[in-house]
1. All but one of (1) within 11 Å of the chain's Cα centre (by Cα); (2) in a loop (DSSP other than H, G, I, E, B) hold for residue 25, so report the exception by its number.
2. Please identify the pairs in which a residue from region 65-87 that is farther than 17 Å from residue 21 by Cβ has its Cβ atom under 8 Å from the Cβ atom of a residue that is acidic (Asp, Glu), counting only partners at least 6 apart or on another chain.
3. Residues 31, 6: which one is in a helix (DSSP H, G or I) and surrounded by 14 or more Cβ atoms within 10 Å (Cβ to Cβ)?
4. Return yes or no: is residue 74 surrounded by 15 or more Cβ atoms within 10 Å (Cβ to Cβ) and in a helix (DSSP H, G or I)?
5. So, residue 20, is that one farther than 17 Å from residue 77 by Cα and out of contact with any Pro (no Cβ under 6 Å at 6 or more places or on another chain) or not?
6. Pick from region 34-52 the residues that are in a helix (DSSP H, G or I) and touching a helix residue (DSSP H, G or I) at 6+ places or on another chain (Cβ under 7 Å): which of them is farthest from residue 80 (Cα to Cα)?
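What follows is calculated from the coordinates using simple rules that are stated; it is not laboratory data. Quantities reported herein were computed from a predicted structural model and do not represent experimental measurements. No Cβ is skipped: glycine too gets one built from the backbone with ideal geometry, and neighbour counts run over all protein chains shown.
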Amino acid sequence: MGPAEVLDIARDAIWVLLKTSTPVMMIALGVGLTIALFQALTQIQEMTLVFVPKIIAIFFSLLFLMPFMGLTMGAFMDRISARIAGL
């Protein structure tokens, strides 16, 4: 296995990481911004108010997106296995 193949696998791994984590992070960002806007409008400055809705949103987004994440990581594993078998 040469350096080009290693870089190709690393680039593919980073792409899989971004594909699987970005939707959950965007949902968490949206919930955080919504709650921050609510806190700014109502002047409620409770630090723990952000955590519970964000945790619930992340939990449900992980449940909803788990099939997509599993398929993406499974396809990556299939590509890695095919490279190993091809050696």
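1. Of (1) within 11 Å of the chain's Cα centre (by Cα); (2) in a loop (DSSP other than H, G, I, E, B), only one is false for residue 25: (2).
2. What qualifies is 79/12; 83/5.
3. 31
4. Working: surrounded by 15 or more Cβ atoms within 10 Å (Cβ to Cβ): no; in a helix (DSSP H, G or I): yes.
No: the conditions fail for residue 74.
5. The answer is no for residue 20.
6. The selected residue is 39.
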